[in-house]
Amino acid sequence: MKTRMINPSKRTYANAVVISLIGLMYSCSAGSKGDSSSDSEERLSAAVEDYAELTPDEFVEKFNLRESARPVREMPGWTRLEKVVVEMPGNEPWDDRFERLEFLQEVAPEVEFVPVKNLADAIERGALEDAQATIGLGCGPSTIDAIGPGVHWIQSGSVGLDRCFNTAGQDAQRMQDIMKERNILVSSIRDMTKHAIAQHSLTIMLSLIGGMDIHTERQRNHIWGRTRTDVVRDKYLDTEFQDLTLFVVGLGSIGTEVARLANALGMRVVATRNSSRSGPDFVEYVGLSDEMYELANEADIVFAAVPPTAATLGLFDMKFFDAMKESAYFLSIARLGVINWDDLKEALKSERIAGFGTDDLPQDDFELWDLPRVIMTPHVSDYSPRYRDNQYVFFRENLRRYIAGEPLLNLIDINRGY
């Protein structure tokens, strides 16, 4: 059998088309977490129908969720739920909010659910004083200070829990000490939004690789030209995915999904993780955290997906950027504290690295906005028409598990912060 050879120019063109289509998809689908569209009720009903027939094991397998090692009934402080405070943002239609509460009530008919707009609303109404659990409010210092002594379980509505477990500062440490002393359990919605976040991350990644930021700026200025002409010059534009190496720092659920998508486009993928060297088949090599600088040196794209903990604060500093190739791009979906922002700006201005992409940014730091080869989005990577439905499907299953005393999903290790 003859091997069919692919014309390199056709492959490059196909890669460019992928970049353009993904960018167009995201520019045309600016959604809202609030999901106030008229068909939101139909989407929730569809979610109920999709997941109602799943067994607990099938639900865990479908979303690759993590079960706690012990049933919650065996954990200190487990209690009967009588009152649960649920955050329900005020930008959602009342019909949607009532329907979501009914969705939770189906697995907890004896529980009183108290909907609140936010933490301030909950405090003003005294809703937290005699509750046993909260859903969606988070676990930051203000929340821990406000909850009553009977709260045993906090179900966060977020993936990132930096306000809970970013252990810099006495206030954060005091808060964690309180959680340990009172045996408070915290769970996240990790894995429920990984597809949206990973796809958004890939959009930023491909936009940098393909120079879409450059082409967009030229379009605004009515400049028509082709790369490598006198009109536009950029020595690091490259749309040959199969020639690129992606280094994923933090092979958790989001990092793994980004690795899978990048591998499907032909990229070589390497990674580090804190716990072990195990990884999926589409990751060529998995190292431990002490191999980070060595792997950064061979990567064309570095993707940061580490959790914010005491060990990762300021992890990406000038030492790390110096380890990267000058032609490499740095992308981060991690929380703000893991980056030394002054070092990052210096690395960009001195061209130690080729560019930067992020879905989060210090709100008072505007210098990065004007630096070349920087693509940023305002913390919207998990925005999706499915966002609220996925949240409440997860809330409902974990609520059912807590009441039944079964292992909880995505239970956080307070000592590790993830």
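Would you say THR256 is under 18 Å from ALA323 (Cβ atoms), surrounded by 15 or more Cβ atoms within 10 Å (Cβ to Cβ) and either β-branched (Val, Ile, Thr) or not assigned by TED's automatic domain parsing to the domain that holds PHE241 (or both)? Full working, then the answer.
Numbers: under 18 Å from ALA323 (Cβ atoms): no; surrounded by 15 or more Cβ atoms within 10 Å (Cβ to Cβ): yes; either β-branched (Val, Ile, Thr) or not assigned by TED's automatic domain parsing to the domain that holds PHE241 (or both): yes.
Considered against the rule, which asks whether it is under 18 Å from ALA323 (Cβ atoms), surrounded by 15 or more Cβ atoms within 10 Å (Cβ to Cβ) and either β-branched (Val, Ile, Thr) or not assigned by TED's automatic domain parsing to the domain that holds PHE241 (or both), THR256 comes out as no.
So for the range 125-142 (the condition being among the polar types (S, T, N, Q) and modelled with pLDDT of 95 or more), does at least one residue qualify? It would help to see each step written out before you state the result.
Our first condition is that a residue be among the polar types (S, T, N, Q); within the range 125-142, this holds for 132, 134, 142.
If we keep only those that are modelled with pLDDT of 95 or more as well, we get 132, 134.
Yes, some residue in the range 125-142 is among the polar types (S, T, N, Q) and modelled with pLDDT of 95 or more.
Could we say that ALA334 is over 30 Å from VAL60 (Cβ atoms), touching a strand residue (DSSP E or B) at 6+ places or on another chain (Cβ under 6 Å) and buried (at least 17 other Cβ atoms within 10 Å of the Cβ) here? Lay out the reasoning, then the answer.
Working: over 30 Å from VAL60 (Cβ atoms): no; touching a strand residue (DSSP E or B) at 6+ places or on another chain (Cβ under 6 Å): yes; buried (at least 17 other Cβ atoms within 10 Å of the Cβ): yes.
No, not satisfied.
Out of the residues in the range 363-413 that are more than 19 Å from GLN132 (Cα to Cα) and of a type in the set (Val, Ile, Thr), state the one that is surrounded by the most Cβ atoms within 10 Å (Cβ to Cβ).
VAL393
Residue by residue through the range 79-133, note down the ones that are under 15 Å from ILE147 (Cβ atoms) and among the basic types (Lys, Arg).
Across the range 79-133, the qualifying residues are LYS83, ARG125.
If we scan the range 277-291, do we find a residue that is surrounded by 17 or more Cβ atoms within 10 Å (Cβ to Cβ), at pLDDT below 95 and of a type in the set (Val, Ile, Thr)? It would help to see each step written out before you state the result.
The first filter runs over the range 277-291 and keeps only residues surrounded by 17 or more Cβ atoms within 10 Å (Cβ to Cβ), leaving 279, 283, 286-287.
Now narrow it down to the ones that are at pLDDT below 95: 279.
Going one step further and asking which of them are of a type in the set (Val, Ile, Thr), we end up with none.
Within the range 277-291, none of the residues are surrounded by 17 or more Cβ atoms within 10 Å (Cβ to Cβ), at pLDDT below 95 and of a type in the set (Val, Ile, Thr).
Would you check if there is a residue in the range 390-404 being of a type in the set (A, V, I, L, M, F, W, C) and in a strand (DSSP E or B)?
From the range 390-404, those of a type in the set (A, V, I, L, M, F, W, C) are 393-395, 399, 403-404; that's our starting set.
Narrowing the set further to residues that are in a strand (DSSP E or B) leaves none.
No, the conditions are met nowhere in the range 390-404.
The values are calculated or read from the model by the stated rules, or taken from the named source; none is laboratory data. In this text the structure is predicted, and so the values were computed from the model without any measurement. A quick note on method: Cβ atoms are made from the backbone with ideal geometry, for glycine too, and the neighbour counts reach across all protein chains shown.
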